[in-house]
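Taking it in order: structure first as structure tokens, then the write-up.
The values are calculated or read from the model by the stated rules, or taken from the named source; none is laboratory data. In this text, all values refer to a predicted model and were calculated from it rather than measured experimentally. A quick note on method: Cβ atoms are made from the backbone with ideal geometry, for glycine too, and the neighbour counts reach across all protein chains shown. Accessible surface is based on the protein model in full, side chains and every heavy atom, while ligands, DNA and RNA are left aside. Shrake-Rupley method; radii C 1.70, N 1.55, O 1.52, S 1.80 Å.
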Amino acid sequence: MQSTLQELILRDQLATNSNSTVSPYSILNSNPESFATEFNLIVCFVKDSNKREELSSLLFPIFLHLSVFLSVSNPSLLREFSAQHSHNFSHKQLELLSQLPDISADLAAYTQHKYSVKLSNCAFTHLETFLTSHPDSCIHLPLQANIHIQVGSKECEEARKPQKRMSKSRSNISPSKRVSSSNSSLESIRGCVTQLSSLSPSPSVLHISLSATPSLPHSAEISFTKSLILSGHADGSLLVSPFSLPTSQLYPPDLSPSHPPPPPDTTRHLRGHSSPVYSVSISLSADWVISGSGDGTCRLWNLKDSGDCIAEYVGHQSPVWSVCLPKQIDSGYFASSSQDGTARLWSTELLYPLRIFSGHCSGVNCVDLHPNCVYLATGGQDGSCRLWNSQDGACVRLLTGGRSAVTCLSFSPDGKLVATGCQEGVVRVWNIAESKVIREFRASERIISKVDFSSDSNSISAISHDKTLRLFDLSNSQINSPYLTVSTGRNMPIYCCFRKVNLCALISIENVLL
């Protein structure tokens, strides 16, 4: 015989002195009217966090389980809750949620299945900070009872150890023993929950097209705050344009629409270099920009206030091909690489380099800082990738295997991998600890100009001079072909990045023939 909602709540209250895992019914004792407010708190926390790409993967499962319990306890509040927060999720997610059967009598069977989410150690620490500062939030209960979080290489069954106040609501009664369900309804619920647990929104590509006039763009970047597009041009100028990524997946991958350009009067022009700007890098806060130019200098620009050049760093004897600021912290350091065969580490507060890294046999095409800022990687025209210790300047890894120049590289967000793109059109993913290639993709027959990891390190993007963006799946070792290919037509791609787990931004130049 199926149990009613009142019986479920009563059994949960009778089990309050147990010391087993958190009961999935504890949330039924919470105030449903607080769900919208408390869910809005975690939405704001995720959007303000520099780990928003990872933490955003928690929002849908939390929304899902709060919706489930509202459907049981207060259907009228469910409609209000859904209307207020459904804009945060993709159409596919909401469509699948709407297909859930009536579970008011099968709540126990439903809660046996957990939604799986992967987080890095750093993102998990951010989540812990939020939960500690909100010990009474109803968000604790779905995270503990209904969501399976894998942290780094270890699996964690709960998002945080239960607070003392929650220990009274634990129960040693298995959910499967509380309610007996009809087989057909149970199988229907299991099928939907399995789909929800494995659901990953279809990857989308946002294609942004830059005009080649009045001056040809050589480099571009989108800020981590998703508020600016910065481009470096052949006349030595930089253009800063306001921008915002869509909050949901607005476009299917096959359309790849161009983002409408901002009004002309909102674009700022930064002038100072005397030669083309080959590389730009925006700080995490979008307050500062570093540029590298063919005039052999790097410049620091203040975007927060005036947009003025506040420092010029001189030292390279040839064009600066690449500059980079840290991707996860605003540390006050940046790195540069040049045709003079060196890479350099700088402090924004000093006009001379802190370290000079010399070892490549010819020019150094690209440089990237490790997430911990202790190491940096360089890719050279000699075909090698080198990993350097920034504290003593020593080369600690030499990665060789290609026959052509390394043209671009990028560290994974967890710092365990580095991806390199080369002149012969091959993308290689290296395990840094073992100094060996773990994946190799034949992306193109032409030069790879940019590679980037998704925030969960499961996907990698690559653009090439055949005017194509390709996305590769790193989680499936059996598939080496791209799972998404987008042509830019007559436009030449110059930049790609993941600014959301399943949204890749692509910047190209209009009508460039190469």
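Restricting the search to the range 316-327, which residues are in contact with a Pro (Cβ under 9 Å, 6 or more places away or on another chain) and either more than 8 Å from residue 296 (Cβ to Cβ) or among the charged types (D, E, K, R) (or both)?
Across the range 316-327, the qualifying residues are 326, 327.
Okay, residues lined up against (1) touching an Asp or Glu at 6+ places or on another chain (Cβ under 6 Å); (2) buried (at least 16 other Cβ atoms within 10 Å of the Cβ); (3) part of a loop (DSSP other than H, G, I, E, B); (4) at pLDDT 55 or above:
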site	(1), (2), (3), (4)
201	no, yes, yes, no
207	no, yes, no, yes
215	yes, yes, yes, yes
218	no, yes, no, yes
240	no, yes, no, yes
250	no, no, yes, no
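Would you check if there is a residue in the range 489-497 being among the β-branched types (Val, Ile, Thr), open to solvent by 10 Å² or more (accessible area, probe 1.4 Å) and in contact (Cβ under 8 Å) with a residue 60 or more places away in the chain?
yes
Here is a check on your reading of the model: is residue 373 modelled with pLDDT under 90 and either in a strand (DSSP E or B) or in contact with a strand residue (DSSP E or B) (Cβ under 7 Å, 6 or more places away or on another chain) (or both)?
yes
Among the residues of the range 430-455, which ones are basic (Lys, Arg) and either open to solvent by less than 40 Å² (accessible area, probe 1.4 Å) or at positive phi (or both)?
439
Scan 418, 367, 427, 396 and give me the residue that is open to solvent by 30 Å² or more (accessible area, probe 1.4 Å) and assigned to a strand (DSSP E or B).
That would be 396, the only listed residue that is open to solvent by 30 Å² or more (accessible area, probe 1.4 Å) and assigned to a strand (DSSP E or B).
Could you give me the residue pairs with C-beta distances under 6 Å whose first residue belongs to the range 116-139 and is assigned to a loop (DSSP other than H, G, I, E, B), whose second residue is open to solvent by 60 Å² or more (accessible area, probe 1.4 Å) and modelled with pLDDT of 75 or more wherever it lies, and which are 6+ apart or on separate chains?
Pairs found: 120/414.
If a residue counts only when it is of a type outside the set (A, V, I, L, M) and either at pLDDT 95 or above or under 20 Å from residue 352 (Cα atoms) (or both), which strands (runs of 3 or more DSSP E) contained entirely in the range 268-316 have at least 2 such residues?
277-282, 288-293, 297-302, 309-314
Just to check your reading of the model, which residue among 402, 383 is open to solvent by 20 Å² or more (accessible area, probe 1.4 Å) and either farther than 18 Å from residue 430 by Cβ or outside any strand (DSSP E or B) (or both)?
402 is the lone residue from the list that is open to solvent by 20 Å² or more (accessible area, probe 1.4 Å) and either farther than 18 Å from residue 430 by Cβ or outside any strand (DSSP E or B) (or both).
If you check 480, 458, which single one turns out to be over 25 Å from residue 279 (Cα atoms), in contact with a Ser or Thr (Cβ under 6 Å, 6 or more places away or on another chain) and open to solvent by 10 Å² or more (accessible area, probe 1.4 Å)?
Matching residue, one of 480, 458: 458.
Just need a number here: residues in the range 319-331 that are open to solvent by less than 30 Å² (accessible area, probe 1.4 Å) and either touching a Gly at 6+ places or on another chain (Cβ under 6 Å) or at positive phi (or both).
Within the range 319-331, residues that are open to solvent by less than 30 Å² (accessible area, probe 1.4 Å) and either touching a Gly at 6+ places or on another chain (Cβ under 6 Å) or at positive phi (or both) number 2.
Tally time: how many residues in the range 439-484 are without any contact (Cβ under 8 Å) to a residue 24 or more places away in the chain and not in a loop (DSSP other than H, G, I, E, B)?
Within the range 439-484, residues that are without any contact (Cβ under 8 Å) to a residue 24 or more places away in the chain and not in a loop (DSSP other than H, G, I, E, B) number 1.
Residue-by-condition table, conditions (1) within 28 Å of residue 459 (Cβ to Cβ); (2) open to solvent by less than 10 Å² (accessible area, probe 1.4 Å); (3) at pLDDT 60 or above:
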{"residue": "71", "(1), (2), (3)": "no, no, yes"}
{"residue": "78", "(1), (2), (3)": "no, no, yes"}
{"residue": "83", "(1), (2), (3)": "no, no, yes"}
{"residue": "89", "(1), (2), (3)": "yes, no, yes"}
{"residue": "118", "(1), (2), (3)": "yes, no, yes"}
{"residue": "122", "(1), (2), (3)": "yes, no, yes"}
{"residue": "135", "(1), (2), (3)": "no, no, yes"}
{"residue": "164", "(1), (2), (3)": "no, no, no"}
{"residue": "168", "(1), (2), (3)": "no, no, no"}
